[in-house]
Every structure is written in C-alpha cells, then in structure tokens.
1. Within the stretch 217-259, can you find the residues that are basic (Lys, Arg) and surrounded by 18 or more Cβ atoms within 10 Å (Cβ to Cβ)?
2. Name the one entry in Thr144, Thr156, Thr138, Thr134 that is within 30 Å of Ala234 (Cα to Cα) and of a type in the set (S, T, N, Q).
3. When you scan the stretch 200-217, how many residues do you find that are more than 20 Å from the chain's Cα centre (by Cα) and assigned to a loop (DSSP other than H, G, I, E, B)?
4. Please go through the stretch 123-150 and give me each residue that is more than 13 Å from Val205 (Cα to Cα) and part of a strand (DSSP E or B), ordered by number.
5. Would you confirm whether any residue within the stretch 176-199 is crowded, with 17+ Cβ neighbours inside 10 Å, part of a loop (DSSP other than H, G, I, E, B) and of a type in the set (Gly, Ala, Ser)?
6. Scan (1) among the polar types (S, T, N, Q); (2) surrounded by fewer than 20 Cβ atoms within 10 Å (Cβ to Cβ); (3) at pLDDT below 95 for the single condition Asn125 breaks and write down its number.
7. Can you give me the number of residues within the stretch 222-248 that are out of contact with any Lys or Arg (no Cβ under 7 Å at 6 or more places or on another chain) and over 20 Å from Glu109 (Cα atoms)?
8. When you go through Leu62, Leu47, Leu97, Leu93 one by one, which is the residue that is within 23 Å of the chain's Cα centre (by Cα) and modelled with pLDDT of 95 or more?
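The values are calculated or read from the model by the stated rules, or taken from the named source; none is laboratory data. Please read these numbers as outputs of a predicted model, since none were measured by experiment. Neighbour counts run over all protein chains shown; Cβ positions are idealised from the backbone, glycine included.
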Amino acid sequence: MKKIKLLISFSIILGVLYGCAQKEPDIIVGTKDFTEQYVLGNILVLLIEAHTNLNVAYKNDLASDVIFSGIRTGVIDLYVEYTGTAYGSYLRLSETLNAEEVYETSVRELYEKYNLRMLDMLGFNNTFSLAVRTDIATEYNLRTISDLANVSSSLTFGGSSEFLSRYDGLPNLKKHYGMHFAEEIIMDGTARYNAIANNEVQVIVAFSTDGTLLNFDIVVLEDDLGFFPPYHGAIIIRNETTETHPELLNALKLLAGKLTDVVMRGLNYRVDVLGELPVTVAEEFLKENNFFR
C-alpha cells in the first residue's frame, strides 16, 4: 500500500514538473542578431523576471524585418529598437530631423500606425562614427569630424564597401563636411581595427557602441555637424501587452537613460573581446546598478 502511495505521489510530482515545463510564457522578448542585442535582450528578460511575476521567454537572432513583423503580429511582445531604424526603415520617413524629433515622430507614428509603444530612450546612440588613433588625434588636435575635415587630405580612410557607397555613408559625409581623403580603402570590421593599429589607415568608420573600440587606443570623433542619423536605443512593446500586463511599464522604465554609449560599449566589449556570455554580462550590469530587488 505504501508502495502504491509512493508511486502515486511520484506520478503527481512528475505531472507537476511536466506542467511547469510546458507552461506558456506570459511575455516573449525578442532580439536581433548581434552582440549588443543579445546583451539587451538578456537585460530585459532578467529585469522583467526580477520585478514582476511574469513567465518570460526569449527569441534571438531575428533579422530587422523579421523582428518588426514579429512584434506587429504578436510573435514577440517587446524588444530594443533603434530610433533611426524605426523612423527610416519601418515608417519610411526621410525628412532630416534632430535626434529628439526622430524619437518623437517615431513614438507617434508607431502608435498610430501599428499600435506599438516606443518607451523612453535608454541613453545610448549606436550610430556610425569616425575614429582615429589617440596619437593621430593628439598630433592633429582632433576632437570633431570638422577638425578631421581640415586635415583629411593627409590621411587614409578605411571602411566597409557598404559605408563607402550608402546614402548615410562616406560620399555624402564628405560633401557635408567638405573633406576628402588621400586614399579610401575597403575593409571589414576586424581588418579595419588591425589596419588602424598598424597605421595602414589613420581613420576608420565604427559603430559608436562597438566594444572592439575599447581594445584599441582609439578616439571617436564627435559628429558636430549632425550628419549621421540618430540611432538611439529604445524599447518597443505591443500596446496590447501593456494593457494586459501594466506592471511591465514600471519595470522597463527603470532602464531609461541608464545605458549610455560608454556603458553599452563596455558591455559589448566584455562579450566581443573578453568572451563572456551575454547573460552573464547582463546579470552583472543589473546587479551593479541595483536593479534587483
């Protein structure tokens, strides 16, 4: 009899465990397919779990068009987007606006057209930037791209084939700042950093939150004439999701303004250069900033 009771109890436990394993998620967080997004996705998952009782699932490695389609159709509930991407790629807007205007327009249009909410900007702007070695910046007194324009004819530029041809890349950048380089060389990301370290080029294109920047003695120049579009990170979430789970907004608003360019670059560096896992980096960021209750 005791054996039968034990068997029944064991079956009940198995059933409970199976039921937990099969539990449908309340919220699905999405990410795109690169390091920064992996870190941000894990930050969102851990933050939501820490501040709500919601069961959270995670879908990563989604291309931009896939992730936007996914949030529109309810395949995912939220993810971190970039204001310039929302403004230009999804909303098909092209008027030149400043960063705040791009954000405000994106907030309004995403809500009106797709019933999506773009929350407060997180604090970083992952846009294109130009970078030089520290010794070059010191030698030529370079702080801004305008400073670079004055001496560009003496320097060699390295950038991707895409950047050397796209509308928000080198051709219009040179027109905008009235500059030209002694030579322009096509090279991929890792090659660019090695080339600038070896003085094969003196100027490269980079992303402003690229973690690899911290692995080299490099200075990012200020885009003082505002050529590059703003790509500020901001959470996009389905309005239906916030109506069903209003507690989400209280949790997510804690991140507003907390992820500056410097902070995001450091987090990316830990993954790309030091080889740490995105979930580990995300968890330590949240702990260090007292996001866990």
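1. Arg238
2. Details: Thr156 fails: within 30 Å of Ala234 (Cα to Cα); Thr138 fails: within 30 Å of Ala234 (Cα to Cα); Thr134 fails: within 30 Å of Ala234 (Cα to Cα).
The unique qualifying residue is Thr144.
3. Qualifying residue count, the stretch 200-217: 5.
4. Gly123, Phe124, Asn125, Thr144
5. Scanning the stretch 176-199, I find no residue that is crowded, with 17+ Cβ neighbours inside 10 Å, part of a loop (DSSP other than H, G, I, E, B) and of a type in the set (Gly, Ala, Ser), so the answer is no.
6. Result: Asn125 passes all but (2).
7. Summing the residues that are out of contact with any Lys or Arg (no Cβ under 7 Å at 6 or more places or on another chain) and over 20 Å from Glu109 (Cα atoms) in the stretch 222-248 gives 11.
8. After ruling out the rest, the residue left standing is Leu47.
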